[in-house]
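Contents: one structure, followed by commentary.
The values are calculated or read from the model by the stated rules, or taken from the named source; none is laboratory data. Since the structure is predicted, the reported quantities are computational estimates derived from the model, not experimental observations. Cβ placement follows ideal geometry from the backbone for every residue including glycine, while neighbour counts extend to all protein chains displayed.
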């Protein structure tokens with residue numbers, strides 16, 4: 001007869017203990033981590049779904065982080081844009097209501113405002129958000145513009161805006177007749193013509209009319225253009241008018257209207273009727289010289305400065321007068337990097353500025369938020385605020401008030417928002433659209449992430465109460481099994497033999 005030991009019969013109890021211990025460890029890990037398993041293998045058939053959901057949640061988190069960064073950049077850019085708008089408004093208001101009193105630098109209080117505003121605008125265009133320059137196009141590591149002082153005053157070898165304005169002032173004939181020549185082709189006629197054919201400088205002839213019955217007008221025609229009025233043999237009547245119209249360098253126009261009068265000396269804007277048409281033509285010639293000289297030394301000075309600023313800011317490279325000498329110059333030439341400041345230092349391209357910064361904010365959605373400081377809206381602000389700040393007027397010049405009045409009116413008009421032209425508000429609207437798209441995407445992603453996370457939690461998450469209950473049950477079972485196993489291992493045959 002064979003007697004088996006207890007170890008053979010209780011081996012299954014050892015396996016059971018190991019199994020219970022493994023289950024207890026697994027449940028303890030679940031309770032500590034809050035997850036069914038720390039590996040996808042432990043999720044069984046749901047592993048694939050969990051992988052996809054986790055990837056989706058991670059992708060949404062990445063888009064959210066990107067959106068936060070882009071939104072910060074857009075907020076800073078919008079602050080800059082609003083600051084530029086406010087600066088332009090301040091200059092416009094100063095030009096509209098500024099006194100014509102000149103300080104010791106030859107500038108009005110309105111021009112002092114323009115100087116401060118120009119410096120502010122340049123600072124805003126060079127806004128740096130975390131090492132990224134917002135208005136430099138793709139050149140995000142480069143400031144958008146030169147410093148304000150360099151733009152206005154240049155460097156040791158490079159001419160700035162102030163110098164170009166002074167050169168253009170000479171080329172446009174300030175101090176004279178605006179590069180026009182007044183003559184008397186015959187005893188009864190007066191002619192006015194441009195000095196050089198094809199020159200961009202000075203006043204340009206656009207028309208001549210008269211109400212005098214016996215007079216005839218001609219032109220402008222020829223090369224260089226000329227126009228004239230011939231009074232003929234008959235004197236004009238009191239109140240008859242001769243009108244001359246001129247184009248100015250900034251694209252504006254101005255008329256000189258001279259009225260026949262018997263008054264001696266004639267009031268401004270009139271000419272005295274002489275004893276005959278020959279004497280009257282001589283008086284008309286003198287009156288025209290005076291009137292054109294006034295235009296040349298008031299409106300033309302302002303228009304010349306505006307044109308110089310436009311050539312400086314709107315052209316790349318900037319255009320300047322081909323001189324010296326400047327007073328007889330006949331053409332503009334491109335400035336070079338060695339002799340002329342180029343105000344814009346960012347990236348230049350023919351593609352839309354917004355497209356210089358593109359970022360994906362969702363799987364199939366991207367936004368554009370790039371900007372260049374040489375966009376039309378910025379250039380319009382810069383060239384008008386800068387010229388207002390740069391022009392200097394001689395207090396002893398009898399035409400000083402006329403020059404300042406002409407300049408102020410042009411600044412007010414040029415800084416007004418015009419339909420069909422890009423404005424700073426248009427750029428603001430583009431950025432607002434980008435921010436709206438960001439917000440919409442973020443709201444949608446928040447909802448999607450919440451749903452995906454809930455599904456993921458249902459797959460890999462646990463019920464703490466359920467797991468705790470299982471742990472308690474296993475601990476009880478394990479304790480009982482340990483006791484039973486211990487008892488079995490302590491058995492021997494002697495315990496079952498009768499005591500002799």
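Of note:
- Test for residue 85: is it on the phi < 0 side of the Ramachandran plot, in the same structural domain as residue 129 (by TED's automatic domain parsing), at pLDDT 95 or above and part of a helix (DSSP H, G or I): yes
- Per the listing 406, 389, 329, the residue uniquely modelled with pLDDT of 95 or more, under 16 Å from residue 308 (Cα atoms), in a loop (DSSP other than H, G, I, E, B) and touching a helix residue (DSSP H, G or I) at 6+ places or on another chain (Cβ under 6 Å) is 329.
- With respect to the conditions (1) touching a helix residue (DSSP H, G or I) at 6+ places or on another chain (Cβ under 9 Å); (2) at pLDDT 95 or above, residue 175 falls short on a single one, namely (2).
- Of the helices (runs of 4 or more DSSP H) that lie entirely inside the range 106-178, those containing 2 or more residues that are touching a residue at least 40 places away in the same chain (Cβ under 8 Å) and closer than 30 Å to residue 357 by Cα span 109-125, 148-153.
- Looking only at residues in the range 362-373 that are assigned to a loop (DSSP other than H, G, I, E, B) and touching a residue at least 60 places away in the same chain (Cβ under 8 Å), the one that is farthest from the chain's Cα centre (by Cα) is 363.
- Elements of type strands (runs of 3 or more DSSP E) in the range 187-252, at least 3 residues being outside the structural domain of residue 380 (by TED's automatic domain parsing) and either within 43 Å of the chain's Cα centre (by Cα) or within 19 Å of residue 174 (Cα to Cα) (or both): 189-194, 204-210, 241-247
- Of all residues in the range 284-309, those being out of contact with any strand residue (DSSP E or B) (no Cβ under 9 Å at 6 or more places or on another chain) and assigned to a helix (DSSP H, G or I) number 9.
- Test for residue 310: is it crowded, with 18+ Cβ neighbours inside 10 Å and either closer than 30 Å to residue 100 by Cβ or without any contact (Cβ under 8 Å) to a residue 40 or more places away in the chain (or both): yes
- In a residue-by-residue description of the range 260-269, the property of being under 26 Å from residue 401 (Cα atoms) and either in contact (Cβ under 8 Å) with a residue 24 or more places away in the chain or within 49 Å of the chain's Cα centre (by Cα) (or both) applies to at least one position.
- Criterion: on the phi > 0 side of the Ramachandran plot and either more than 39 Å from the chain's Cα centre (by Cα) or surrounded by 20 or more Cβ atoms within 10 Å (Cβ to Cβ) (or both) - qualifying residue of 168, 179: 179
- Only listed residue being touching a residue at least 24 places away in the same chain (Cβ under 8 Å), surrounded by fewer than 17 Cβ atoms within 10 Å (Cβ to Cβ) and under 30 Å from residue 167 (Cβ atoms), chosen from 243, 253: 253
- Apart from one condition, residue 425 fits all of (1) buried (at least 17 other Cβ atoms within 10 Å of the Cβ); (2) touching a helix residue (DSSP H, G or I) at 6+ places or on another chain (Cβ under 8 Å); the exception is (1).
- Test: residue in the range 67-81 that is modelled with pLDDT under 85 and in the same structural domain as residue 353 (by TED's automatic domain parsing): yes
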